[in-house]
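Reading through the structure tokens given below for one structure.
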Amino acid sequence: MKKLIKYFKIGYFGLIILMLTAWLVRYSMLGGNRISPKVENAVIDFASFPTTVYNFIHKEGITDDRYIFDTVTKAGLHYWVDTAQIPNGGFLISTFKKDKSLEIKLLDIKRNIIVKHWDLNPDSILKYSVMGEINHNNIRLFHPVLLKDSSLVFNTQYLLFKIDKHSKIVWVNKHIFHHAIESASDTSVWACGTIVNKKPMYLLTHKDTLINDAVTLVNTNTGKVIFQKSLYDMLNENGYNYLITIGPFENDAFHLNDVDPAPKDTKYWNKGDLLISLRHRNTVFLYRPSINKILWLKTGPWTNQHSCSFMDDERIMVFGNDVIRNDRYTKFLYGHSNIYTYNFKTNVIDTPYHKWMNHLKIQAYTEGRCNILSNGDIFFDDSNSGKVYILNKDTLKLTYCDRIDSKHVKMMNLVRYIPN
């Protein structure tokens with residue numbers, strides 16, 4: 001009888017502890033802010049322990065996030081027109097191999113040959129991942145920039161790396177970097193960064209901490225940050241602080257995903273002005289860093305966009321994913337994503353490639369990039385489907401995918417078009 005009472009007490013107190021833990025986790029997830037951050041983090045870590053153990057035991061069985069189911073698309077380049085109509089240039093492609101090693105290659109799209117190649121052991125990158133945020137099944141080297149000496153700068157969605165032409169790591173910037181990278185000069189790049197050691201002035205409570213995204217200029221010789229400006233400060237100082245508080249609280253309020261520098265002076269912008277994309281606000285704006293001034297800002301009609309770029313002297317291009325963000329389902333506003341153009345002279349927005357977006361069934365829930373080429377064609381990277389296209393309003397010219405096996409194609413990591 002005494003043993004029964006003893007077991008009952010143990011079970012009773014164990015149940016109380018379990019219920020208290022469950023309540024604390026639920027309270028935390030619902031946004032409660034009366035628990036100290038240390039206690040909250042300890043409770044969440046405790047509740048996550050079974051998942052940690054499971055992943056450790058079954059780590060070899062974890063599905064590779066970079067496999068895209070596709071049994072139809074032909075591997076490699078596929079020409080839909082005579083190669084004389086294919087522009088002279090190449091695709092800088094970052095992906096992986098069957099043995100999970102990482103590769104970046106420069107593919108000459110007119111001759112269909114690999115002209116440059118870089119190979120990396122994922123462990124050489126993963127050893128810098130102190131938080132375990134990336135592993136052998138999800139590591140991706142994003143949007144590499146090719147420098148004149150055949151070295152590359154890329155990010156892993158967490159860190160920024162430079163490797164030389166022999167694939168050796170030159171430097172690592174351990175600040176947080178993510179999404180697209182664009183060349184600013186022979187010795188610098190613009191990147192999407194996140195400031196982690198400085199709280200934004202818009203901190204609500206210890207829980208309601210906004211991700212402090214920042215446009216960041218990095219020296220490619222040293223890896224050092226030359227310039228960095230918080231989006232919150234930028235918008236607040238230019239009278240757009242209302243964008244910070246639209247809708248219910250979301251810690252990733254802006255989701256900065258592209259910073260594109262103007263290549264030359266025109267009537268509507270100066271060389272070095274920045275075209276900036278804020279996905280979670282459906283907003284694109286033009287910013288002059290030299291005077292900290294937002295020159296132009298527009299919200300929509302693009303939604304949850306992932307790319308913005310300059311087209312000519314008066315137009316810009318925006319890739320609108322045009323998707324409703326929801327963790328439970330995926331729904332596209334028009335059945336497909338769209339490429340938008342905006343004309344600063346006429347204030348007209350157009351979707352000149354609507355026919356192809358519909359015909360090709362482009363449904364990019366995340367990612368995706370587009371740029372205009374010197375001959376007027378459009379380069380479009382649909383990372384979600386593992387496909388790249390070159391087309392114009394009338395003609396599909398080229399498609400590319402990198403197949404891993406008969407059922408899957410590889411996820412690519414923001415392909416870049418390199419002109420000859």
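In this structure the amide hydrogen of ALA214, modeled in the peptide plane, comes within under 5 Å of the amide hydrogens of GLY193, THR194, ILE195, LEU231, none closer than 5 places in sequence on its chain.
By average Cβ neighbour count within 10 Å, what is the ranking of 302-312, 97-107, 136-146, 72-82 from highest down?
302-312, 136-146, 97-107, 72-82
Is the shape of segment 115-190 best called rounded, prolate or oblate, per the rule: a/c under 1.5 gives rounded, else a/b larger than b/c gives prolate, else oblate, with a ≥ b ≥ c the square roots of the Cα gyration tensor eigenvalues? Verdict is oblate for segment 115-190. Could you tell me which of rounded, prolate or oblate describes segment 68-419, using a ≥ b ≥ c as the square roots of the eigenvalues of the alpha-carbon gyration tensor, with rounded for a/c under 1.5 and, failing that, prolate when a/b is larger than b/c and oblate otherwise? Cα axes put segment 68-419 in the rounded bin.
Highest average first, the peptides 84-93, 222-231, 243-252, 264-273 ordered by how many other beta carbon atoms sit within 10 Å of their residues are 84-93, 222-231, 264-273, 243-252. When only the Cβ of Lys, Arg, Asp and Glu is charged (+1, +1, -1, -1), the dipole of segment 263-364 relative to its Cα centre reaches about 220 debye. A simple spin-label model places pseudo-atoms 7 Å from Cα toward Cβ; at ILE16 and VAL72 they are separated by 6.1 nm.
FYI, it's all coordinate maths here, none of it is from the lab. Everything quoted here is computed from the prediction, not taken from an experiment. FYI the Cβ positions are ideal-geometry reconstructions off the backbone, even for glycines, and counts take in every protein chain you see.
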